[in-house]
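One structure is given here, and the rest of the page talks about it.
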Amino acid sequence: MLAMPLDQGVYRNKFIEIGDLMLIASNIKKRMSNQLILDNASIHIKENEIHVIEGKRGSGKTSFLSIISGLEKPDSGSVNWQGANIYSLDDKRQTSIRGNDMGYIFQDLHLMEDLTAHQNICLPLDIKGLKGERDLKFLSRKLEIDRLLNQRVASLSGGEKQREAIARALITKPKILFADEPTGQLDKETSKSFIDLLLNIQRDTKVSLVIVTHEEQLIPIPHNKYVMELGKLSSITGDKHEN
C-alpha cells in the first residue's frame with residue numbers, strides 16, 4: 001500500500017535529499033506454520049516521515065516490521081533500500097545497512113542489565129571501534145537521561161530504559177528508526193511522556209520513524225497511518241499527511 005506521505009547541536013544525520021524515497025516494500029508475503037501471516041503488504045517510506053502501523057496482537061505487524069527492517073526474509077516480495085533489494089545483497093552488505101542506516105527499538109529492549117546506560121548506548125559504536133561522545137551528550141540531553149549515564153541499567157525505571165533504548169538506536173545516526181511496540185510495557189502517563197520525547201527527537205534529527213503498536217491514536221501529530229489485520233496492510237487515508 002503506497003504511503004504518500006531546531007537546533008541539532010553536533011548531531012548530524014547522513015540523509016539523502018529531502019523527500020527522496022528511501023524504502024519500498026512491495027507485495028510482502030510470509031507464512032509461518034503453514035499459516036499466511038502477511039498477504040501482499042506494501043509500504044513506501046521517504047525521509048523525515050512518520051509511519052504508524054496499528055493492529056491487534058498476532059495481526060502480523062511485528063513480522064512485517066522485521067521484514068522491512070532487514071531482519072527477516074519474506075517468502076516473496078521485495079524490500080528495496082535506496083534502490084537495492086536488501087535480501088538480494090550479500091550478508092556483509094546487509095549487515096552494513098542494518099548497522100549504519102537503520103536503528104531499532106525492540107519490544108524487549110535487549111539492554112544489557114549489568115552495563116551502565118553509557119556503555120549500553122555506545123555499544124553499537126564500540127563494536128565498530130568508533131567514538132561518539134559528542135553525539136551521546138546531545139542525545140542524552142534531548143532524552144533527559146544525561147544524569148543517568150553512569151547508572152547500571154538494572155537500576156533504571158521502565159521509562160528510563162525506553163529512553164536509553166532510543167539513544168542507543170540513534171547513536172549511529174541512522175536514516176530510519178523502527179520501533180516495535182515502544183509503549184507496550186509503559187503506563188499511560190509514562191507512555192505519553194515517552195512518545196513526546198520520541199517525536200521531539202525525530203523532529204530534531206529528521207530520522208524517518210516507523211512504529212508498530214496495538215494502541216490506537218498513539219501519535220498526536222499528522223502522520224502516515226495504517227491498520228494491519230489478518231496479514232493485510234491498509235492505509236487510513238484520512239490520517240495520511242506529509243510530516
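Each peptide in 127-135, 62-70, 49-57 receives the mean, over its residues, of other Cβ atoms within 10 Å, and ordering these scores from highest gives 62-70, 49-57, 127-135. Inter-part distance, the range 86-106 to the range 134-204, computed on C-alpha centroids, equals 22 Å. Using the Cβ-Cβ distance between ARG93 and LEU115 with R0 = 41 Å, the FRET efficiency computed as 1/(1 + (r/R0)^6) comes to roughly 0.90.
Each label point was placed 7 Å from the Cα along the Cα-to-Cβ direction; for ASN27 and ASP187 their separation is 5.0 nm. Derived scalar couplings between HN and Hα for the range 61-67 equal 5, 5, 4, 5, 4, 4, 6 Hz in order, rounded to whole Hz, by the Karplus curve 6.51 cos²θ - 1.76 cosθ + 1.60 (θ = phi - 60°), x for Gly and Pro. Listed by chain and number, the lysines whose C-alpha is less than 25 Å from the C-alpha of LYS232, apart from same-chain residues fewer than 8 away, are LYS29, LYS30, LYS46, LYS56, LYS61, LYS73, LYS240. Calculated from the structure, percent of Cα pairs over 34 Å apart equals which of (1) 20; (2) 16; (3) 12? Recomputing percent of Cα pairs over 34 Å apart here picks out (3).
Each value in this text was obtained by applying a stated rule to the coordinates, not by laboratory testing. Everything quoted here is computed from the prediction, not taken from an experiment. Quick reminder, even Gly has a Cβ in these numbers, built from the backbone with ideal geometry, and neighbours come from all protein chains shown.
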